[in-house]
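Have a look at the structure below before the remarks.
No value in this document is a laboratory result; all are computed from the given coordinates. Quantities reported herein were computed from a predicted structural model and do not represent experimental measurements. Here the Cβ positions follow ideal geometry from the backbone for every residue, glycine too, while neighbour counts run over all protein chains shown.
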Amino acid sequence: MNHMTWTGWVAVVLIALTAGWVLFDGTRALIVGDYVTPKTGEYAGQLGPWVGAVKAIGIEPRSTLMKSVFVVYGLAALAISVCFIVGLPWARATLIVIAILGSWYLPVGTVANLIALILLIRK
């Protein structure tokens, strides 16, 4: 492993946590048919604000395509996170791209990935 700064660790943890959730939620949605949503309350059964971004580019949020995007993005982001941790020279630039791509996942993914992006760029 390389010697990473605290900012590198914070960035990779933020990206990995978001990617892990997206991978879990997408995999679950492919298996059981839907994403994790609130069971009760005003937002019961509703997806998050990311739905608007996805619909804007013409993808149905509950489609197999979108569920697959969740899985592929989650796997890729986790793999790149590991590559960054072990110090592969190309991984930082790729992790920056992953952070930009992860910003669509409103609101949590957007905040986490923007913080990670700022930390990766300042390095």
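Listed by Cβ neighbour count within 10 Å, with the fewest neighbours leading, Trp9, Trp90, Trp104 appear as Trp90, Trp9, Trp104.
Peptides 44-56, 60-72, 77-89 ranked from most to least packed give 77-89, 60-72, 44-56, packing being the mean of other C-beta atoms within 10 angstrom over each peptide's residues.
Helical runs assigned H by DSSP (4 residues or longer) give the chain a calculated mean residue ellipticity at 222 nm of -22000 deg cm²/dmol, each run adding -39500 (n - 2.57) before division by the residue total.
If you take all other residues with their beta carbon under 15 Å from the beta carbon of Ala53, and give Lys and Arg +1 and Asp and Glu -1, the sum is +1. Helix 64-85 and the long axis of the chain differ in direction by around 20°, with both axes built from C-alpha atoms.
Kirkwood radius, region 6-122, all distinct C-alpha pairs, inverse of mean reciprocal distance: 14.6 Å.
Backbone geometry of region 48-59 corresponds, through the Karplus equation with coefficients 6.51, -1.76 and 1.60 at θ = phi - 60°, to 3J(HN,Hα) couplings of x, x, 4, 4, x, 5, 5, 4, 4, 9, x, 10 Hz, x marking Gly and Pro.
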